Amino acid sequence: MSDSATTASPDETYEEFLDRVKRRYNVNAAAGVLRWDQEVMMPEGGTTARSGQLSALSAIGHELLTDEEMGEWMTTLRDADLDDDQQPVVREVGREYDRATSVPTDLVEEISAATSEAHPEWTEAKENSEFETFAPSLKRLVELNREYAEHIDPDRPAYEVLFEEYEPYLGLETADRVLTELREGLVPLIEDVRESDVELATPFDGEYPEDAQEELARTVLDELGYDWEHGRLDTAPHPFSSGTQFDARVTTRFDESEPLGALLSTIHEFGHARYTQGLPKDQYGTPLGNSRDLTVHESQSRFWENHVGRTTQFCERLVPLVQEHLPGAEDLTAQELFEALNEVYEDNLIRVEADELTYHLHIVARYEIEREMISGDLAIEDVPEVWDDTYEEYLGIRPENDAEGCLQDIHWSHGSFGYFPTYSLGSVLAAQIDAAMREDLDVDGLVADGEFEPIADWLETEIHQHGSRYTTNELIEKATGEPLTAEYFLDYVEEKYGELYDI
């Protein structure tokens, strides 16, 4: 142990430790900007240099977390009498430290380089609908992630270890339980919907120019209260949000024949960005100023998308904006818009375009395929066929090509395995949060009046301002009064779609 570590007081040690934590956060945030650039506006020929840049930053971040001095600080601080702000910071960084010190730096660099190189291959494969183009990169990423998980905990299934990268506190058992409850509750409801004689309005059957859709998207972001001083809107093949409380960017994508897809994805990404913008600015660079894990993040996007954006009250406010911006929509009614936003599709193959009910069967399919890939029970070359078979079994539809099948999501090109369950966990939590909020606020009345600030303030008070002070389990109970449960989501969709489809 160094002389400074043996002579410094716990408070002095903590200050040195915190300075290192902030430096590492800034390195990782810089890498995030480079990844945003790669997906949004980097020239096609920039991949080679970008791969090296991201690999170097990844290695620096890894070394800042895992060097000998950090180990000495962690030993001191874990035994120290820490205050209420210091404890969660040490807990969160300590969890990362324990995992990172199990993984060799050269493996971290190799994974970073592999993901950077995989992205353009995935893009090309999707454009040409040729899985074979992406298959070698996917195989390499699966093997690297198995190796990564084995370094962390060789005694547990690799997928369980990888899942904890994205949701370290709820546990894979919780994901299994929730997905099972959703499958058991949604399959019969979806069957009832498809047997219903009700035919919902389908008012959008023309061509809607991208520039008109973008103007509408920007107007909707204005309506919701997006902070443009700390954000921006761009386009990307796969919509996403990224950044910090000082720079929380959103992206969307436009299809000139389907304007509602861009509208919903914009509202969804607004939810992510609003969470990020609501994090404590004075805690930037520390876990107290960083968002909780992906379940909570996804709950914020799904709350705004589903519990605000798909409501009759929001449609009343939205319809004049749609009439103003989209050609041919002058006679659109709020009820027609509501029905179009909530239609349950019989033939939708694309997760990000899926309706609120079948969406979760998309997640179940990915979850099962991912686990089999990581365990080695599914060979990479067999992924397209298994994907198509699973969709036919669960959704009653079969992809015609790889682009609308196993290549539709970007996550595998990022090396993200264990990510998908958080989408459904987030949707479940969004409904639970909505129910808790309604104990304090007239949510429907506020949405009808266009008063979104009290809703955002409630979320900021109960969730955003805490950063990662609490574990996921603790934060959920603090915000809603009970552990995570699928009950509220199932009640919500049964009531909503029962009325919509007269079942």
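Counting residues in the range 152-175 that are modelled with pLDDT under 95, polar (S, T, N, Q) and surrounded by 15 or more Cβ atoms within 10 Å (Cβ to Cβ) gives one or more.
Being touching a His at 6+ places or on another chain (Cβ under 9 Å) and either buried (at least 16 other Cβ atoms within 10 Å of the Cβ) or of a type in the set (D, E) (or both) is true for just one of E72, E63, E39, E68. Which residue is that? Before the answer, list the steps.
Values: E72 fails: touching a His at 6+ places or on another chain (Cβ under 9 Å); E63 fails: touching a His at 6+ places or on another chain (Cβ under 9 Å); E68 fails: touching a His at 6+ places or on another chain (Cβ under 9 Å).
None of the other options fit; the residue is E39.
Out of everything in the range 264-297 that is part of a helix (DSSP H, G or I) and of a type in the set (G, A, S), what residue ends up being farthest from the chain's Cα centre (by Cα)? Here the answer is G289. Cβ contacts < 7 Å: first residue on the phi < 0 side of the Ramachandran plot and assigned by TED's automatic domain parsing to the domain that holds L186, restricted to the range 362-381; second residue surrounded by fewer than 22 Cβ atoms within 10 Å (Cβ to Cβ) and outside any helix (DSSP H, G or I), any location; separation 6+ or different chain. Result? Correct list of pairs: H362/A354; I369/L378; E372/L378; S375/P157. Determine, yes or no, whether E130 is surrounded by 15 or more Cβ atoms within 10 Å (Cβ to Cβ) and within 19 Å of the chain's Cα centre (by Cα). Here the answer is no, as E130 does not meet what is asked. Of all residues in the range 358-376, exactly one satisfies the criterion of being part of a loop (DSSP other than H, G, I, E, B) and closer than 24 Å to L341 by Cβ, namely T358. Here the condition is being touching a Leu at 6+ places or on another chain (Cβ under 9 Å), hydrophobic (A, V, I, L, M, F, W, C) and modelled with pLDDT under 95; of I374, I397, I380, it holds for I397 alone.
For every residue, the table says whether it meets (1) buried (at least 20 other Cβ atoms within 10 Å of the Cβ); (2) assigned to a helix (DSSP H, G or I); (3) in contact with a helix residue (DSSP H, G or I) (Cβ under 8 Å, 6 or more places away or on another chain).
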site	(1), (2), (3)
E305	yes, yes, yes
Q323	no, yes, no
P327	no, no, yes
E330	no, no, yes
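Scanning the range 195-210 for residues that are of a type outside the set (A, V, I, L, M, F, W, C) and within 17 Å of P259 (Cα to Cα) returns T202, P203, D205, G206, E207, Y208, P209, E210.
Number of residues in the range 243-263 that are surrounded by fewer than 21 Cβ atoms within 10 Å (Cβ to Cβ) and either among the polar types (S, T, N, Q) or in a helix (DSSP H, G or I) (or both): the value is 3.
Determine if the range 314-334 includes at least one residue that is within 25 Å of E191 (Cα to Cα) and at pLDDT 95 or above.
Narrowing the range 314-334 to residues within 25 Å of E191 (Cα to Cα): none.
No, because not a single residue in the range 314-334 is within 25 Å of E191 (Cα to Cα) and at pLDDT 95 or above.
The values are calculated or read from the model by the stated rules, or taken from the named source; none is laboratory data. A quick note: this is a predicted structure, and the numbers were derived from the prediction, not measured. No Cβ is skipped: glycine too gets one built from the backbone with ideal geometry, and neighbour counts run over all protein chains shown.
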